[in-house]
Amino acid sequence: MFRVWVFALVTAVTTTWVAVPAEVSAQEPAGRDVIVQMFGWNWRSIGHECQATLGKFGYGAVQTAPPEEHSQLPDKGFPWWQGYSAVSYKLDSRFGTRDELASMVRSCHDSGVRVYIDAVINNMSATTECAIGSAGTPYCHYSYPTVPYGDRDFHHCGTPNDAVQDYYDRFQVFNCQSFNGADLATENDTVRDRIAGYLNDLLALGVDGFRIDSAKHIPPEDISAIEQRLTRPAYVYQEAIYGAGEPVQPEEYLATGAVMDLRYAGALSQTFRQGRLAGLRTFGSALPSGKSVVFVADHDTEHQGTTLTYADGDRYTLANAFMLAWPYGRPKVLSGYAFNSYDEAPPSDPLGRATDAHCGDGHWQCEHAWPGIGPMVAFHQQVQGQPVVNWSDNGANRIAFGRGTEGYLILNGEDVPATGTYQTSLPAGRYCDVMHGTRQAGTCTGPTYQIDNTGLLHAEVAPQSGLALHTGATVAR
C-alpha cells in the first residue's frame, strides 16, 4: 500500500483474458465500467454523491476506503494510512458505521453505481504497542481477540523486525511484514476462513467487489483459496506492484482477478509531465487490456508524488481525458482532498473521523466532477468498442484522434493555441465540447463545434486544453 513504484512505458502485447472460475470472480458488464476512487470520503458523502453526480455522469462503480475497524493514531495526526492498520473486521471506522455503510450501498445502487471495497486482508495493525481501535476494541500487534487472531495466525519470517529486507527474495515478499503490518498467515485455513467471513459480510450488505490491498504480499494461491470461500461472485482487482527483475510479478495475479496497472499510471504521468504527447500513439502496457485497471493517480502515488496529482491542474485533466478516450484497460478516476504533507488526513473532526465532503470548500477537490473529467465518462461509454482512427500530431505535444464514427478528441499540451482543420469520421452535425461542458435539455452548457458533410472540423484549442466531441452529445444546428 505504500511502496514506491518504478515505471516503464511499454506497448500493449496482448488482450487475451485468463480464465477465471465464474464462482469466484464476476465479469463486469460493458458500458458503465469507469471506477471512481472516493479517497477520504465518508459513507454519508459517498451515498449523497452517487445520487448527485456519479450516477448522472455515468460512473459504473465507486471504490471506497477500507471499512473495517482500524488503529487510532492521534499522536500522528490521525494519518490517512491508519485506515490500513486493521484491528478487527467490525464495520466501524473513521468513515462511518455499519448502518451508514449499508445505506451508502443502497444509495449508490439506486443510482446505478456499484460499490467496491478496499480490502485489507494481507495484514493487521502496523503498531507494535497495544491499543484501542476505532470501534473500541483492544488489540496488540499479534493479538486481535475480536476476530479472533493470535500469534500463530501470523508470519514470523526471522529477518530484523520480521520485515521485508529484499524484494528479490520471494519468500520474504510473501512471509515478512511490509510497513510493520502484522503479516497474516494466509496459507492457513483458519485465517482464510476469517478473511472470507469478513468479505462475505460485506457481500451480504450488497457490496459488488473488492480492491485487494497489498496483493503482491499474498501468494496467488492463497487469494484463490479465499475467493473460493465467497458466497457469491465479486469483481476483484489487485494491487500487485511491478518491480523490474523481481520474482513476484503482476502477471501471476491474472487468474484471481484484474490487476491495477501501475506501469501505465507512471508512464502516462511521465508523458504528460515531461514527454511528447505524440508518443502516445502506441500507448499501452504489458498487462492484458481486459484485465487491467488503469489510472492516472491513486491515493498512494498521489501522496508519494510519483504520478500527476490534482496540483498539476490542466495536465492532470488532460491525462485523465486521454485515459477515458483511449481503448486500453478499465479506467479509474481519483477524487480526493488537498494536502500539504504525506501523512495528512482527510478533513476530520477532533476524534479523527472524516467529516462530510463539500465540493468547492477548498479542501475536497472533487476531481470526478471536473470539466474535462466528469463529462468524459460519457465519451468513454459512447466510444466503447470503436477503433482509433484519424490520428494526427505535430510531432510534439499536440495530438488528435477519433474513436470510429462515435467520438473525436484533441489534446493541446503546448503553451500556444492550436488552430487547424481536423479530419474526423464523425457524422455531420453540431456537437457539444464535453471537455468544457455537457449536453442538458437539448443544449450545450459549453462551446459547440460543427462537423461538415466531409467530416472536417475547424477548431482553435487553447494552450494546455482539449476538445472532445461524441455522438451522444449533439444539438440541433
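The values are calculated or read from the model by the stated rules, or taken from the named source; none is laboratory data. Note that this is a predicted model, so its numbers are computed, not measured. Reconstructed Cβ throughout: ideal geometry from the backbone, glycine too, with neighbour counts over all protein chains shown. These accessible areas exclude ligands, DNA and RNA; they are computed on the full protein's heavy atoms, side chains included. Shrake-Rupley method; radii C 1.70, N 1.55, O 1.52, S 1.80 Å.
Tell me, which residue of the stretch 44-81 that is of a type in the set (Ser, Thr, Tyr) and in contact with a strand residue (DSSP E or B) (Cβ under 6 Å, 6 or more places away or on another chain) is nearest to TYR144 (Cα to Cα)? Working first, answer last.
Pass one, the stretch 44-81, residues of a type in the set (Ser, Thr, Tyr): 45, 53, 59, 64, 71.
Next, from what is left, pick out any that are in contact with a strand residue (DSSP E or B) (Cβ under 6 Å, 6 or more places away or on another chain): 59, 64.
Details: TYR59: 37, THR64: 24 Å.
Among those that are of a type in the set (Ser, Thr, Tyr) and in contact with a strand residue (DSSP E or B) (Cβ under 6 Å, 6 or more places away or on another chain), it is THR64.
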Original post:
Just checking, how many residues over the stretch 107-130 are within 27 Å of ARG44 (Cβ to Cβ), surrounded by fewer than 17 Cβ atoms within 10 Å (Cβ to Cβ) and over 21 Å from the mean Cα position of the chain (by Cα)?
Top reply: 1
Subject >> Residues of the stretch 308-365 that turn out to be open to solvent by less than 60 Å² (accessible area, probe 1.4 Å), within 30 Å of LEU409 (Cβ to Cβ) and at pLDDT below 95, as a count >> reply: 0
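Which of the residues spanning the stretch 50-80 are among the small types (Gly, Ala, Ser), part of a helix (DSSP H, G or I) and under 23 Å from VAL236 (Cα atoms)?
GLY55 - this is the single residue of the stretch 50-80 that is among the small types (Gly, Ala, Ser), part of a helix (DSSP H, G or I) and under 23 Å from VAL236 (Cα atoms).
Hydrophobic (A, V, I, L, M, F, W, C), touching a Cys at 6+ places or on another chain (Cβ under 6 Å) and either touching a residue at least 40 places away in the same chain (Cβ under 8 Å) or in the same structural domain as LEU277 (by the TED database) (or both), is that true of CYS432?
Details: hydrophobic (A, V, I, L, M, F, W, C): yes; touching a Cys at 6+ places or on another chain (Cβ under 6 Å): yes; either touching a residue at least 40 places away in the same chain (Cβ under 8 Å) or in the same structural domain as LEU277 (by the TED database) (or both): yes.
Against the criterion (hydrophobic (A, V, I, L, M, F, W, C), touching a Cys at 6+ places or on another chain (Cβ under 6 Å) and either touching a residue at least 40 places away in the same chain (Cβ under 8 Å) or in the same structural domain as LEU277 (by the TED database) (or both)), CYS432 qualifies.
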Subject >> Unique match (being surrounded by fewer than 21 Cβ atoms within 10 Å (Cβ to Cβ), among the small types (Gly, Ala, Ser) and within 20 Å of CYS366 (Cα to Cα)) among GLY60, GLY55, GLY47 >> reply: GLY55
**OP:** Considering each residue of the stretch 42-96, count those that are within 19 Å of ASP208 (Cβ to Cβ) and hydrophobic (A, V, I, L, M, F, W, C), and give that number.
**Re:** 10
Subject >> Among residues of the stretch 423-439, those that are over 28 Å from the mean Cα position of the chain (by Cα) and surrounded by fewer than 21 Cβ atoms within 10 Å (Cβ to Cβ), counted >> reply: 6
Original post:
Got a sec? Which helices (runs of 4 or more DSSP H) wholly within the stretch 285-390 have at least 1 residues that are of a type in the set (A, V, I, L, M), within 30 Å of THR454 (Cα to Cα) and touching a Ser or Thr at 6+ places or on another chain (Cβ under 9 Å)?
Top reply: 314-325, 376-382
Original post:
What tally of residues in the stretch 397-421 results from selecting those that are within 29 Å of the chain's Cα centre (by Cα) and either open to solvent by less than 20 Å² (accessible area, probe 1.4 Å) or more than 24 Å from GLY31 (Cα to Cα) (or both)?
Top reply: 16
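Conditions tested, residue by residue: (1) within 20 Å of ASP33 (Cα to Cα); (2) not polar (S, T, N, Q).
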residue: PHE295; (1), (2): yes, yes
residue: GLU302; (1), (2): no, yes
residue: TYR316; (1), (2): no, yes
residue: ASN320; (1), (2): yes, no
residue: GLY329; (1), (2): yes, yes
residue: LYS332; (1), (2): yes, yes
residue: ASP343; (1), (2): no, yes
residue: PRO350; (1), (2): no, yes
residue: GLN365; (1), (2): no, no
